[in-house]
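Below: the structure, in structure tokens.
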Amino acid sequence: MAATQTLNAKPLAVGLKHAGLSLATLFLSLGLTAGAIQAFGNEQDAGPSAVLEVPRYNPASPKPATTSTEPKVDLATQGIASGWLPWRLPDGAMTPWLPGTPPPNSPSAADQAISEAEAERLAAIAKAKGDPVVTGAATAASSGQIPPVSGTARIMAPTFGSASNEGGVQVYRGQGTAALTQAPAAGVHQQGPGGLLPIIGAGNRTVYDVYRKPFSETGKPKVALVVGGLGLNARITQRAIDELPAEVTLSFVPYAENLQGWINKARANGHEVLIEIPMEPFDYPENDPGPHTLLTTASADENQRRLEFLLSRASGYFGVTNYLGGKFATSNETSSAFMRQLRSRGVAFIADGSATQLDAAASSAGLRNAQADRLIDQRPSGDDIAAQLGALEAMANQRGAALGFGVAYSVTIDQIARWAKDAGRRGLILAPASAVTS
């Protein structure tokens, strides 16, 4: 009986042994696969490490070309041969159209060059000839509705967002604006150890003056938005540049590959730009923002050396913002020294709202600055982001201005674009972050 029991136990033991070996092999395989992905994965599909997870972006299919039956227009006389136009067809639909060419995929900066004064001149000519009315790009982008006209209307709109139905007419509203000043601008830089460093030039001219986006006060409540974490993920960065309204300020990671190229693209699309300065978090070094992080334990000379390296990574930014920095902000000595260095170089500071002491240090140093009122995507869901944008809107209506800060999530880009589309109708104006600094 005992022998029989021993014989029956052997298959069970062998089976358990094999099962254990199989599981060990599986876990080893998964570990090696994960390691391989980490080591050899495609950088352009990866988001900022340990900060955000970015889904793939699948761009929409290009709109099919449509042949217009409208009367031919003398483009040479009207001076807009390089302009892409939403054209209203006899059935009331609007479609992107340039005679003799298909709709564009990515209009160049040259396609965006029509001033409001030129638009008014062309409109007068068009009305006198009985041709469709021309509207300037900025007016088309900010207009709450199609200008009332009899017959047909043509809107100058160099880049297109989603179609909206306005009075039964499909409208593709222009989102692009004229390119900002090319960097580097003369007189506001000096050669540093790793590249150009900002300086205060003749007549107290600064990079803030040169590189911020021009803004005219209208008396309307204004909301400013910053989207950060850009430059590490090519697809999400391109989406932010192309799809967000030009008034949204874009913030770039200093370690991004081809950082100057990204900044140039952003400014060509009308976005003003910030650079992110990594600062010591409470859980440093477990959470390490990078090799040039500003530290409370570093000497003043070492932190200055690190800051100069970060500031010399590119040109074209009007200011900087913090990346992390909870621990750094608690040290009045180190944070105050940092702000004084920024002031001496004419650089503004925009605090992301995660470390409130930084705003106080900037103000004490007499630095042009602002602090975000809301982090709009701490919970990156559409409903939560929409709620935060609504809260910013309420703040702006109450006190005249509000500033929000977000991260380069796909859902953040989607929600900002959707919210901004109708902001003008609600009596708001979208402003660049530089417009809310003091």
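The values are calculated or read from the model by the stated rules, or taken from the named source; none is laboratory data. The shown structure was predicted, so the numbers you read here are calculated from the model rather than taken from an experiment. Here Cβ is always computed from backbone atoms with ideal geometry, including for glycine, and neighbour counts include all displayed protein chains.
Please enumerate the residues belonging to segment 183-194 that are within 20 Å of Glu272 (Cβ to Cβ) and either of a type in the set (Lys, Arg) or in contact with a Ser or Thr (Cβ under 7 Å, 6 or more places away or on another chain) (or both). It would help to see each step written out before you state the result.
Taking segment 183-194 as the starting set, the residues that turn out to be within 20 Å of Glu272 (Cβ to Cβ) are 183-189.
Listed by number, the residues that qualify are Ala183, Pro184, Val188, His189.
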>> Taking the condition of being surrounded by 19 or more Cβ atoms within 10 Å (Cβ to Cβ), over 16 Å from Ala314 (Cβ atoms) and not small (Gly, Ala, Ser), how many residues in segment 213-243 meet it?
In response: 11
>> Given the options Glu243, Glu272, name the one that is closer than 23 Å to Gln371 by Cα and either outside the structural domain of Lys327 (by TED's automatic domain parsing) or of a type in the set (Asp, Glu) (or both).
In response: Glu272
>> Taking the condition of being outside any helix (DSSP H, G or I) and among the aromatic types (Phe, Trp, Tyr), how many residues in segment 248-267 meet it?
In response: 2
> Which fully enclosed strands (runs of 3 or more DSSP E) of segment 185-246 have 2 or more residues being within 30 Å of Leu392 (Cα to Cα)?
Replying inline: 222-230
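Yes/no matrix, rows are residues, columns are (1) at pLDDT 95 or above; (2) under 24 Å from Val436 (Cα atoms); (3) of a type outside the set (A, V, I, L, M):
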position	(1), (2), (3)
Gly195	no, no, yes
Tyr208	yes, yes, yes
Pro221	yes, yes, yes
Ala224	yes, yes, no
Gly231	yes, no, yes
Leu250	yes, yes, no
Gly261	yes, no, yes
Ala266	yes, yes, no
Ile275	yes, yes, no
> What is the number of the single condition among (1) assigned to a loop (DSSP other than H, G, I, E, B); (2) buried (at least 19 other Cβ atoms within 10 Å of the Cβ) that Thr296 does not meet?
Replying inline: (2)
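Give the residue, chosen from Gly290, Gly270, that is on the phi > 0 side of the Ramachandran plot, crowded, with 21+ Cβ neighbours inside 10 Å and not in a helix (DSSP H, G or I).
Gly270
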> Could you count how many residues in segment 285-299 are modelled with pLDDT of 95 or more and under 17 Å from Thr330 (Cβ atoms)?
Replying inline: 6
